[in-house]
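Asks: Take this structure, written in structure tokens, and hold onto it; I'll ask about it next.
Just so it is clear, none of the values below were taken in a lab; they were calculated from the coordinates. Computed from a predicted model, the values in this text were never measured in an experiment. Here the Cβ is made from the backbone with ideal geometry for all residues, glycine too, and neighbour counts use every protein chain on show.
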DNA sequence: TATTTATACAGCATTTTATTCTTTATTTTT
DNA sequence: AAAAATAAAGAATAAAATGCTGTATAAATA
């Protein structure tokens, strides 16, 4: 695919908002028939523009009410240790994101836990067991104004 | 719904991984027929456990290669100003998350941009126009070890 | 310029899935 | 123990996905 045209971008925008829409309804919105829309979606999937389709859950309703960010600095920085650290961090079910960053920390983590108590438990019984841990800073989410996975594609047009 | 049973949790886990699976294939995996699975999914949607279904895009392939986190401190803290700040921040297409946090910052943002240059442009031409801005700290993502929206539900069982 | 080739899409046919309904078994309540 | 509620199987129907054919338009080639 040379590049994405207007129709492709529109399809991606719609599927980011609701991936359960029928091909037909997308086709109608774009003033086309189902087949070209169907074929374009398959192409976007095949060529990797679309990584997949997922259900988004209501964390709070499920009992996981607390989001926490952690800035972590390590004391050692050997390659083998960094890799080990990432592997272990990724295995914790509480951790949903783990980014190596430049700036005032080495790593930034995003966690989802039941509540503050569960977070404290995570720190005591899991995190602090990791060696070479340096400075650890917690950012406890009080409220969330925006939290989406939707990438704004208007910039591409 | 009193609460989620084992089958509900399993369904949620599967739909978090791939929401395009057919009812039939989920039913087969769980050793049931399609109708109960179908009804359970509808119930989970209706009662708000499932917020929606979305396509996950390949950011890099689309040309948005850089993720950045920003810790922001405000100088003023009147209610009306905080609200205005959040509203304006949420309107920036670059910002995909905006959390009010306790800790060393007032707000933590997550942004997705083309590259560092685009990030600099965001700061100069958008962010710094906001009044009452205090300390701003950037955490530039170098690499990402884990980045998922999938909530681990094994904790609930 | 004429001719071929590739691309995109409409429209229809077919297969597969989603959805609804009925019946039966099981559990819960009284 | 009887009645009511719940859960699921199985079949029937509606809707959607998927594939195919033909046509128009654009791009490439001679």
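Asks: Between the alpha-carbon centers of the stretch A:81-157 and the stretch B:24-69, tell me the distance in whole angstrom.
Replies: So the separation of the two Cα centres works out to 23 Å.
Asks: Compute the acute angle (0 to 90°) between the alpha-carbon long axis of helix A:34-46 and the principal axis of greatest extent of the alpha-carbon atoms of chain A; round to the nearest 10°.
Replies: Result, in degrees: 30.
Asks: Let me ask something additional. Quick one: with label points 7 Å out along Cα→Cβ, list the inter-copy distances for residue B:129 in nm, shortest first?
Replies: Residue B:129 label point versus its equivalents elsewhere: 5.1 nm.
Asks: Can you tell me the equivalent ellipsoid semi-axes for the stretch B:59-140? Use √(5λ) from the Cα gyration tensor, largest first, whole Å.
Replies: Values: eigenvalues 102, 30, 26 Å².
In descending order, the three semi-axes are 23, 12, 11 Å.
Asks: Sticking with this structure for a sec: Per residue of A:135-147, count partner chain C-beta atoms within 10 Å of its C-beta, then hand back the mean as an integer.
Replies: Average per residue, whole number: 6.
Asks: Then there is this: Would you list B:96, B:11 from fewest to most Cβ contacts within 10 Å?
Replies: B:96, B:11
Asks: What is the fewest-to-most order of B:121, B:99 by other Cβ atoms lying within 10 Å of their Cβ?
Replies: Values: B:121 14, B:99 23.
Ordered by Cβ neighbours within 10 Å, fewest first: B:121, B:99.
Asks: When the convex hull of the Cα atoms of the stretch A:6-55 is projected onto a plane and the area is averaged over all directions, what value comes out in nm²?
Replies: With every direction weighted equally, the projected area is 3.1 nm².
Asks: Within 10 Å of each Cβ in A:72-79, how many Cβ atoms from other chains are there, averaged over the peptide?
Replies: Mean shielding count: 0.
Asks: For helix A:6-17, report the angle its Cα long axis makes with the longest principal axis of the Cα atoms of chain A; keep it between 0 and 90° and round to the nearest 10°.
Replies: 50 degrees
Asks: Bin width 10 Å, alpha-carbon pairs only: give the P(r) of the stretch B:111-157 as whole percents, running from 0 to the bin holding the largest distance.
Replies: 17, 37, 22, 17, 7
Asks: When a footprinting reagent is the concern and you count Cβ atoms within 10 Å, what order do B:92, A:69, A:38 take, fewest first?
Replies: Values: B:92 17, A:69 24, A:38 14.
The order, fewest Cβ neighbours first, is A:38, B:92, A:69.
Asks: May I ask you to report, in nm to one decimal and beginning with the shortest, the distances from residue A:81 to the same position in the other copies, taking label points 7 Å along Cα-to-Cβ?
Replies: Once sorted, the set of distances for residue A:81 reads 4.2 nm.
Asks: Could I ask something else about it? Calculated FRET efficiency, residue B:38 and residue A:123, Cβ-Cβ r, R0 41 Å, to nearest 0.05?
Replies: That pair, residue B:38 with residue A:123, gives E of 0.50.
Asks: Give me the angle, in degrees from 0 to 90, between the Cα long axis of helix A:116-125 and the longest principal axis of the Cα atoms of chain A, rounded to the nearest 10.
Replies: Between helix and principal axis, roughly 60 degrees.
Asks: Using only C-alpha positions, report the orientation-averaged shadow area of the convex hull of the protein assembly as shown, nm², one decimal. All intermediate terms of the calculation are to be shown ahead of the outcome.
Replies: Numbers: hull surface 74.9 nm².
Seen from a random direction, the Cα hull of the protein assembly as shown projects 18.7 nm² on average.
Asks: Here's a follow-up. Of the candidates A:65, A:110, A:84, which one comes out as most mobile in a Gaussian network treatment of chain A with C-alpha springs shorter than 10 Å?
Replies: Of A:65, A:110, A:84, the Gaussian network model singles out A:84 as fluctuating most.
Asks: Counting DSSP beta bridges in the protein assembly as shown, what percent are antiparallel, to the nearest 5?
Replies: 100 percent
Asks: In square nanometres, what is one fourth of the surface area of the convex hull spanned by the alpha carbons of chain B?
Replies: Mean projected area for chain B: 12.4 nm², to one decimal.
Asks: Would you kindly work out, in nm and rounded to one decimal, the distances from the label point of residue B:20 to those of the same position in each other copy, ordered shortest first, with label points 7 Å along Cα-to-Cβ?
Replies: Those label-point separations list as 1.6 nm.
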